[in-house]
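Undergrad: Following this message is one structure expressed as structure tokens.
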Amino acid sequence: MNRRTVVFFIFITCCVLLLGISGIGIITRSSGIPIVSAIFSPLQKAVVNIFHGTSSASQLEKLKQENSALSQQLARMHLIEGDNKALRDQFQTTTPSPSTLLPAPIIGMPGFLPGAAIPNALIVSTGSKNGVLVGQAVVYKDELVGFVEKVNPYTAHIRLVTGSGVSFAVKTAKTGAVGIIKGQGDGQMVLDNVVLSDNLEVGDMVVTSPDVAANNTGFPPGLTIGKITSIDKKASNLFQSANVAVLVDVTRLPMVFVLTQK
Amino acid sequence: MIRAIILVGCFFLSLLLETTILQLPLSLLFLLAVTVVYQTEWVFLIAIFLGVVLDSLLFRPLGSTGLFFLCFLLFVFLYEQKFELRTIQFSALMSFLGSFLYFLFFGHSVLWLQITLSVIIGIGIFILTKLRIPRADSF
């Protein structure tokens, strides 16, 4: 056995041991080595800032943002309308507990290649030392961006709502149709499992249903997820579905906000 | 000494870019270039170190990237007796194979544009490494 083979087997054993101890939980599988994140996090932030600083927002981008803001206002108006109706009917609306927004600068976008691939996740430089917990909602303005999937003391892994395999209960702002939103992994989402008797409309906003857990993680009601762009309704099917487009382009955001409950 | 500092700087820069704005396997491409130019066992140590750092920054199970790097480098070394490693053709072929496997194991999907870019960058890094280091045995 030559020297190279011996060295290789020593290092491969180290890797397997590392995998083993991270697998059985001696080193938390999701958090890695915190000191590495602590060292790299400020540098990653600087690199991302340079990148964002050099890309100027075009007029089209500004219009898109304005349109997004107006759509969100419309969604809020529909929600307020619903609330007023409920009050008139002498039902008391439940107010979610006050929340605080924790700024989380984006330092990484795994799987993102401009113009070719859309990210499924974000890495932010805010971690458990700042009060971030797994399962907390991540927003930008009033729009739900994703949720905290993994966390270590200095950074957190945010799963985007558009990511493949992501699904949770939602409702439409205007018509109140309930269903399940499913991320497709390519920046698109599908609103599925909507019964045929519910009414879906193109242009209607999709918002979160109340989904806050006992430890104050999860999605509070009324956060905007996206806008319905097309509807697939067939009388022969059990459910109808709709394509939903997100309103915010996360690849252009310098930071997002983690929704922490007081 | 200056050579080592330049290499460390390049690895550090590739780590920073790979974990932030550029989702290409830059660390793997640098490792490959250093492997084919120097043909030394030191790359195994660099591979395991880079693997651990990448795992920590990209929230992967610790040791998985290192394991992939080591297996890939061993695969490259297997052809040492059969082919001349310090050629652009070999570097391009291994960049293609390495980035394809990397995206297959760690990427969300295999994208040919990313792989093509990786091959081009891999060739570039190989040429630069070879230019900067005319005497490969002095590492």
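Every read-out reported here was derived from the displayed coordinates using simple, explicitly stated rules and does not represent laboratory data. Keep in mind the model is a prediction, meaning the values are calculated, not measured. Cβ sites come from the backbone with ideal geometry, for glycine too, and all protein chains shown count toward neighbours.
Undergrad: I'd like the Karplus ³J(HN,Hα) series for the stretch A:134-141: coefficients 6.51, -1.76, 1.60, θ = phi - 60°, whole numbers in Hz, and an x wherever there's a Gly or Pro.
TA: Each residue's phi maps through the Karplus curve to give 5, x, 6, 6, 10, 10, 9, 6 Hz.
Undergrad: Right, next: Past the 21 Å Cα-Cα mark, which pairs from A:Lys62/A:Lys171; A:Lys45/A:Lys129; A:Lys150/A:Lys227; A:Lys45/A:Lys182?
TA: Pairs exceeding the cut-off: A:Lys62/A:Lys171; A:Lys150/A:Lys227; A:Lys45/A:Lys182.
Undergrad: May I pose another question? If we count every other residue with Cβ under 11 angstrom of A:Asn199's Cβ, Lys/Arg +1 and Asp/Glu -1, where does the sum land?
TA: -1
Undergrad: Hey, can you rank B:99-107, B:81-89 by average C-beta count inside 10 Å, highest first?
TA: My ranking of the peptides, most packed first, is B:99-107, B:81-89.
Undergrad: Another question, then. Under 5 Å between amide H atoms, partner at least 5 residues away or on a different chain: which partners does A:Lys174 have, H built in plane at 1.01 Å?
TA: A:Met205
Undergrad: To continue, here is another question. Across peptide A:4-13, how many C-beta atoms of other chains are within 10 Å of each residue C-beta, on average?
TA: Mean inter-chain Cβ contacts per residue within 10 Å come to 5.
Undergrad: Students often forget the sequence filter, so: which aspartates and glutamates lie under 20 Å Cα-Cα from B:Lys130 once same-chain residues fewer than 8 apart are removed?
TA: Counting by Cα, and skipping residues close in sequence, B:Lys130 has these aspartates and glutamates nearby: B:Glu41, B:Glu80, B:Glu84.
Undergrad: Taking each residue in B:10-23, count the Cβ atoms of any other chain within 10 Å of its Cβ, then average. What number comes out?
TA: Mean number of neighbouring Cβ atoms from other chains: 5.
Undergrad: Something else: Averaged across B:68-80, how many Cβ atoms of other chains sit within 10 Å of each residue's Cβ atom?
TA: 2
Undergrad: Work out the FRET efficiency for A:Asn193 and A:Glu66 from their Cβ-Cβ distance, taking R0 = 35 Å, and round it to the nearest 0.05.
TA: After rounding to 0.05, the efficiency reads 0.60.
Undergrad: A follow-up question, please. Tell me the relative contact order for the stretch B:1-86 as a rounded percent, counting alpha carbon contacts under 8 Å between residues six or more apart.
TA: Normalised by residue count, the contact order of the stretch B:1-86 is 23 percent.
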